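The values are calculated or read from the model by the stated rules, or taken from the named source; none is laboratory data. Quantities reported herein were computed from a predicted structural model and do not represent experimental measurements. We place every Cβ from the backbone using ideal geometry, glycine too, and count neighbours over all the protein chains shown.
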Amino acid sequence: MAAKIKKGDNVIVLTGKDKGRTGQVVKVLPSENRVVVQGVNMVQRHTRPTQADPNGGIKHKEASLHLSNVAIADANGKATRVGFKVEKDQKVRFAKTTGDVI
């Protein structure tokens with residue numbers, strides 16, 4: 001099945017503590033149906049000192065979100081669903097709200 005959300009897409013968070021925030025997809029985890037969005041769903045990770053990181057301490061990083069909780073942002077910055085169509089013998093994604101190719 002073709003991916004509706006890919007790395008590099010601009011997405012909007014639909015639910016949760018970061019509802020309404022936008023960001024760029026950093027990583028997609030298709031086997032888990034999750035995505036990591038830059039600057040969204042930040043968590044604190046307590047790490048002990050290691051040789052690679054001698055200071056350790058509290059690190060801030062992005063946690064993953066479920067795919068159902070994000071939507072692609074169209075040209076107007078609104079959340080949109082994704083459709084597929086064939087243009088010039090090539091399958092492309094398009095925004096359902098505007099019809100623009102993503």
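Observations on the model:
- All of VAL36, VAL43, VAL13, VAL25 fail the test of being at pLDDT 95 or above, over 18 Å from ASP74 (Cα atoms) and within 12 Å of the chain's Cα centre (by Cα), apart from VAL36.
- Odd one out for ILE58, checked against (1) among the aliphatic types (A, V, I, L, M); (2) more than 29 Å from THR98 (Cβ to Cβ); (3) modelled with pLDDT under 95: (3)
- Scanning segment 58-66 turns up at least one residue that is farther than 24 Å from LYS7 by Cα and more than 19 Å from the chain's Cα centre (by Cα).
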